[in-house]
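To start, the structure itself, in structure tokens.
The values are calculated or read from the model by the stated rules, or taken from the named source; none is laboratory data. Since the structure is predicted, the reported quantities are computational estimates derived from the model, not experimental observations. A quick note on method: Cβ atoms are made from the backbone with ideal geometry, for glycine too, and the neighbour counts reach across all protein chains shown. Keep in mind that these areas ignore ligands, DNA and RNA; they rest on the heavy atoms of the full protein, side chains included. Shrake-Rupley method; radii C 1.70, N 1.55, O 1.52, S 1.80 Å.
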Amino acid sequence: MNESHPHAGSPADAHAHTPSSPHFETPPVAVPEEAAVPASPEVRASERAATSQGRGRAVSVALVVGGIVSLQFGSAVAATLFDRAGAAGVVTLRLVVASVVLLVACRPRFRGYRRVDWATVVGFGVALGGMNTLFYQAIDRIPLGAAVTLEFLGPLALSVITSRRLVSLVWAALALGGVVLLGREGFDGLNPVGAGFALAAGALWAAYILLSARTGSRFPQADGLAFAMTVAAVLSLPLGVATAGSALLDPVTVGLGAAVALMSSVLPYTLELLALKKLPAAGFAIMMSLEPAAAATAGFLVLHQALGWAEVVAIALVVAASVGAVRSAGAK
């Protein structure tokens, strides 16, 4: 009789080979991945629009910065011409050339406007011409950075007044601190006549802002600016001719004056006009606060007007006050 193995066919041996045994694991079951849902055309269009808008704003910021740099370096170049044609003569060259360029580029129509429209554009031209004349008289006597800082108090005061908020007093105090620092310690003391010209130019700058908005609502595109620049040029001619005389006919002076007109008027205004199509007005106003800093840099690089700690702090206070005032006004 044959003998069998004592464990053969036993329950324990059978259990050792069941699927639950560690020596016989069930292979994992593959779970199919969910197929990615493609973005709808609407979502893709929205993403492309957001990307395009971001790029558009970045370009607009670059345009504004370019306009600021062009304007302030144009002012620095203008100051180098004062020995040739005087401040009033350089203003006349700048305004005449700018008006001719704008009239040719815009080709504005003269018909179809009311008396109130022409009164607005004439007032705009008076503010524009007066602002430039006073400002050039200022930079003939005080450094460019100080002149722009003092001039910038005009738009800053306008922003503070129109905001009608308590926090505006903080920005006004910051700006006042910057002015006091400029007057007492900055730039080795300021020529009071030059400082007065800069402050008066700032008041006309505020008027320029108000009249510019009104002119823009009454005249298409840049037609109002072309008319206003022409008014400013005509008003500046008598003083420019009386002070500069034949110097206004010198080819070198005329050429440099034309360069100043392009750098200080035509190019900045064109860049700002393009930038405002994509950049919000509040953001544009804040970027304008960089004007004093750009002016100080241009004065240092072109006119070799050194900057000390007092000047830097004073300009920073005015810039900070301007940024704060604009942001407060926009938060109403």
**OP:** Please give the peptides 131-138, 114-121 ranked by average Cβ packing (other Cβ atoms within 10 Å per residue), highest first, as a rough proxy for protection.
**Re:** 131-138, 114-121
Original post:
Under a point spin-label approximation (7 Å from Cα along Cα-to-Cβ), what is the Arg327-Asp83 distance to one decimal in nm?
Top reply: 4.4 nm
Original post:
What ranking, highest mean first, results for peptides 240-247, 301-308 when packing means the other Cβ atoms within 10 Å averaged over each residue?
Top reply: 240-247, 301-308
Original post:
Rounded if a/c is under 1.5, else prolate if a/b beats b/c, else oblate: with a ≥ b ≥ c from the C-alpha gyration tensor eigenvalues square-rooted, which is segment 110-241?
Top reply: oblate
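For Val313 and Val170, what does the FRET efficiency come to when R0 = 22 Å and r is the distance between their Cβ atoms, rounded to the nearest 0.05? Walk me through the intermediate numbers first.
Details: r = 17 Å, r/R0 = 0.78.
Here the calculated transfer efficiency is 0.80.
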**OP:** For an R0 of 25 angstrom, estimate the FRET efficiency from the Cβ-Cβ distance between Arg214 and Leu274 and round to the nearest 0.05.
**Re:** 0.70
Original post:
Using the heavy atoms of the protein chains alone and a 1.4 angstrom probe, what is the accessible area of segment 117-261 per residue in square angstrom?
Top reply: 43 Å²
Original post:
How would you order 99-106, 316-323 from highest to lowest mean count of nearby Cβ atoms within 10 Å?
Top reply: 316-323, 99-106
**OP:** Pull out the extension gain between Ala242 and Arg55, defined as 0.36 nm times the separation in residues minus the alpha carbon to alpha carbon distance; nm, one decimal.
**Re:** 62.4 nm
**OP:** Could you tell me which of Val101, Gly112, Phe124 has its Cα farthest along the dipole of segment 74-139 towards the positive end, charges placed at Cβ (Lys, Arg +1; Asp, Glu -1), taken about the Cα centre?
**Re:** Gly112
